[in-house]
Amino acid sequence: MAKLTVYGTPLSTYVRTVRLLLEEAGVDYTVQDIDIFTGENQSPEYLAKNPFGKVPTLEVDGDVIYETPAITDYLNTVFANNQFSPSEPMLQARMRQIITIIDNYFYPAAISKIVIQRLIVPIRGGKPDKDQIQNAIAPAQKAIQAIESITVGSPYLLGSQLTIADFYLIPVFIYLSQTPEYEAITAQTPKLQVWWDAVKPLPNVNKVCA
């Protein structure tokens with residue numbers, strides 16, 4: 001059996017994406033906490049594994065993979081028999097479309113701006129920047145409505161089976177749903193509300209994202 005280690009801050013949405021896949025696949029792994037808040041991700045030891053200092057990084061029997069799309073593709077292929085990627089080409093394209101929307105448009109507005117200002121800044125003794133929050137609402141709405149428009153549902157994003165796209169979106173919703181902006185951002189997304197009600201109580205979501 002391969003020895004898997006996930007390096008990264010457990011609070012990171014992308015670390016949680018990888019862990020959700022591993023948990024759903026029933027794969028044994030170890031988490032090595034790399035604290036991005038104290039700069040541990042910029043240490044020489046970590047940069048030797050990931051020169052960009054981002055999390056997560058996956059180590060498999062001494063081989064290192066970084067960048068979440070590469071990690072999730074590898075894990076899905078090698079350890080999950082591709083069960084988290086639809087077999088139908090259009091649904092595969094939709095999955096990658098959702099992931100790219102999250103990476104490029106939804107995460108930067110919802111997490112980097114709103115969640116950081118609402119949840120992280122106060123914990124660290126600061127005062128939320130209301131202009132940053134306000135300016136991020138419209139981009140977050142646009143991104144989530146784009147995801148809504150290509151979501152299949154029943155009950156997951158692309159049908160009856162969880163996919164990598166679900167593992168990307170769940171951790172973002174976990175945090176965004178704790179902010180006052182959540183209801184306004186998701187007001188026009190009925191399919192995603194049904195989806196959220198379906199995934200929120202899943203045992204592995206509670207295990208990884210609690």
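Quick note: the coordinates plus some simple rules give every number you see, no bench work behind them. Remember, it's a predicted structure, so these values are computed and weren't measured experimentally. As a convention, Cβ positions derive from the backbone with ideal geometry for all residues, glycine included, and neighbour counts pool all protein chains shown.
At full extension, Val121 and Gln145 could sit 5.9 nm farther apart than now, given 0.36 nm per residue minus the alpha carbon distance.
So, R0 is 35 Å and r is the distance between the beta-carbons of Leu47 and Gln97; what FRET efficiency does that work out to, to 0.05?
Values: r = 32 Å, r/R0 = 0.92.
Rounded to the nearest 0.05, the efficiency is 0.65.
Size descriptors for region 121-163 (Cα atoms only): Rg and Dmax, in that order, 16.1, 43 Å.
Near the amide H of Ser154, within less than 5 Å, lie no amide hydrogens of residues on another chain or at least 5 residues away, with H placed in the peptide plane.
Give me the dipole magnitude in Debye, nearest 20, for the chain about the Cα centre, with unit charges on the beta carbon: positive for Lys and Arg, negative for Asp and Glu. Mind dumping the intermediate values first?
On the way: 16 positive and 21 negative charges, 112 e Å.
Once rounded to the nearest 20, the dipole reads 540 debye.
What number, rounded to the nearest 500 deg cm²/dmol, is the helix-based mean residue ellipticity at 222 nm of the chain, given -39500 (n - 2.57) per DSSP H run of at least four residues and division by all its residues?
Values: 9 runs with 98 residues, N = 210.
So the helix-based figure for the chain works out to -14000 deg cm²/dmol.
Using DSSP to define loop residues, name the GluC sites (Glu not before Pro) in region 5-79 whose beta-carbon has at most 15 other beta-carbon atoms within 10 Å. Let's see the in-between values first.
Values: sites: Glu23, Glu24, Glu40, Glu45, Glu59, Glu67; in loops: Glu67.
Filter output for region 5-79: Glu67.
Counting charges near Pro128 (Lys, Arg +1; Asp, Glu -1) among other residues having Cβ under 15 Å from its Cβ returns a value of +2. Along the positive direction of the dipole of region 53-132 (beta-carbon charges: Lys, Arg +1; Asp, Glu -1; about the Cα centre), which of Thr77, Val121, Tyr66 reaches farthest? Farthest towards the positive pole: Val121. For a label point 7 angstrom out from the Cα of Asn81 toward its Cβ, which stretches of region 6-50 have the backbone nitrogen within less than 19 Å? Within reach of a label on Asn81: 21-28.
So between Asp197 and Asp131, what do we pick up on full extension, going 0.36 nm a residue minus the alpha carbon distance?
Numbers: separation 66, 0.36 × 66 = 23.76 nm, distance 3.07 nm.
So the chain would gain 20.7 nm between Asp197 and Asp131.
Rounded to the nearest 20 debye, the dipole size of region 42-128 about its Cα centre is 700 debye, using +1 on the Cβ of Lys and Arg and -1 on the Cβ of Asp and Glu. Each Lys or Arg adds one and each Asp or Glu subtracts one; over the other residues with Cβ under 15 Å from the Cβ of Ala2, this totals -3.
How big is the antiparallel share of DSSP beta bridges in region 1-148, given as a percent to the nearest 5? Numbers along the way, then the final one.
Details: 8 of 11 bridges.
Restricted to region 1-148, the bridges split so that about 75 percent are antiparallel.
When the Gaussian network model of the chain links Cα atoms closer than 10 Å, the mean-square fluctuations of Pro108, Pro89, Pro69 top out at Pro89. Taking amide H as placed 1.01 Å from N in the peptide plane, Gln32 has its amide H under 5 Å from the amide H of Val6, Tyr7, Gly8, each at least 5 places away in sequence or on another chain.
Can you give the net charge of the other residues whose Cβ lies under 13 Å from the Cβ of Leu176, counting K and R as +1 and D and E as -1? Show your work: numbers first, answer last.
On the way: positive: Lys113, Arg118, Lys200; negative: Glu181, Glu183.
Neighbour charge sum, excluding Leu176 itself: +1.
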